[in-house]
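First the structure, in the form of structure tokens, and then the observations on it.
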Amino acid sequence: MELTEKTITSRLIYDGKVVHLYADTVRLPDGGESLREYVRHIGAVCVVPLTDEGEVVLERQYRYAVGQVLTEIPAGKLDYPDEDPTEAALRELREETGAVPRELIDLGDFYGSPAIMGERIRMFLARGLTFTDTDRDEDEFLEVFRMPLSDAVRSVLNGEIPDGKTQCAVLRAAAAEGLLR
């Protein structure tokens, strides 16, 4: 069965620094038409930094859109559309936590809200960490801390970490480390 929708018209509603809002008219698989409002985003990366002691380096950060301080893994947007996600992950990890990994493992993609947002987040697991200075953005305020990976999994499963990318990446990292079957 063909499920693809074809764009008939596309209209840019808002062109922001980070997000770009569109309203498109699409042809449905049955030949009808419908409206699709969605946000285009350049893409992002996130990293589960795992120390040799089995601890995840996490961050607490205030997120304005939800009005809460959330626990998350290091993450950030790509600097340009064709940026290598591996390079972006290494940059964001060092800038936010000072961590430099010996090994970076691709954990796949995460789409947080694909019905309305085109943001693709590439997830990574970082091992063999050494630490240097951070280099955070001037508007970035974080509290960095560590937690055993098993406790992070428990926090995800108990609903104590509501951030979707962090939930998914922590569980995939735990599976890669043999903690989940």
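Does D135 satisfy the condition of being modelled with pLDDT under 95 and either under 17 Å from Q167 (Cα atoms) or over 12 Å from the mean Cα position of the chain (by Cα) (or both)?
Against the criterion (modelled with pLDDT under 95 and either under 17 Å from Q167 (Cα atoms) or over 12 Å from the mean Cα position of the chain (by Cα) (or both)), D135 qualifies.
Among the residues of the stretch 98-111, are any under 20 Å from V66 (Cβ atoms) and either in contact with a His (Cβ under 7 Å, 6 or more places away or on another chain) or aromatic (F, W, Y) (or both)?
At the first step, the residues of the stretch 98-111 found to be under 20 Å from V66 (Cβ atoms) are 110-111.
Subsequent filtering for residues that are either in contact with a His (Cβ under 7 Å, 6 or more places away or on another chain) or aromatic (F, W, Y) (or both) retains 110-111.
Yes - at least one qualifying residue is present in the stretch 98-111.
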Practice task
Just give me the residues in the stretch 57-76 being assigned to a loop (DSSP other than H, G, I, E, B), of a type outside the set (F, W, Y) and more than 13 Å from the chain's Cα centre (by Cα), in sequence order.
Solution key: A65, V66, G67
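Only one residue in S113, S34 is out of contact with any strand residue (DSSP E or B) (no Cβ under 8 Å at 6 or more places or on another chain), polar (S, T, N, Q) and without any contact (Cβ under 8 Å) to a residue 40 or more places away in the chain, so which one is that? First the steps, then the outcome.
Working: S34 fails: out of contact with any strand residue (DSSP E or B) (no Cβ under 8 Å at 6 or more places or on another chain).
When all the criteria are applied, what remains is S113.
Every residue in the stretch 47-73 that is more than 16 Å from P148 (Cα to Cα) and touching a strand residue (DSSP E or B) at 6+ places or on another chain (Cβ under 9 Å), please.
Within the stretch 47-73, Q61, Y62, R63, Q68, V69, L70 qualify.
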Practice task
Quick one: T71 ticks every box in (1) hydroxyl-bearing (S, T, Y); (2) surrounded by fewer than 17 Cβ atoms within 10 Å (Cβ to Cβ); (3) closer than 21 Å to E140 by Cα except a single one, so which number is it?
Solution key: (2)
Completion exercise
The condition from (1) exposed (fewer than 11 other Cβ atoms within 10 Å of the Cβ); (2) assigned by TED's automatic domain parsing to the domain that holds Y80 that V18 misses is numbered (2)
Exercise for the section: Provide a single number: the residues in the stretch 21-50 that are exposed (fewer than 13 other Cβ atoms within 10 Å of the Cβ) and over 29 Å from M123 (Cβ atoms). Expected result: 8
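The values are calculated or read from the model by the stated rules, or taken from the named source; none is laboratory data. Fair warning: this is a prediction, and the values are worked out from it, not measured in the lab. Note that each Cβ is placed from the backbone with ideal geometry, even for glycine, and that neighbours are counted across all protein chains shown.
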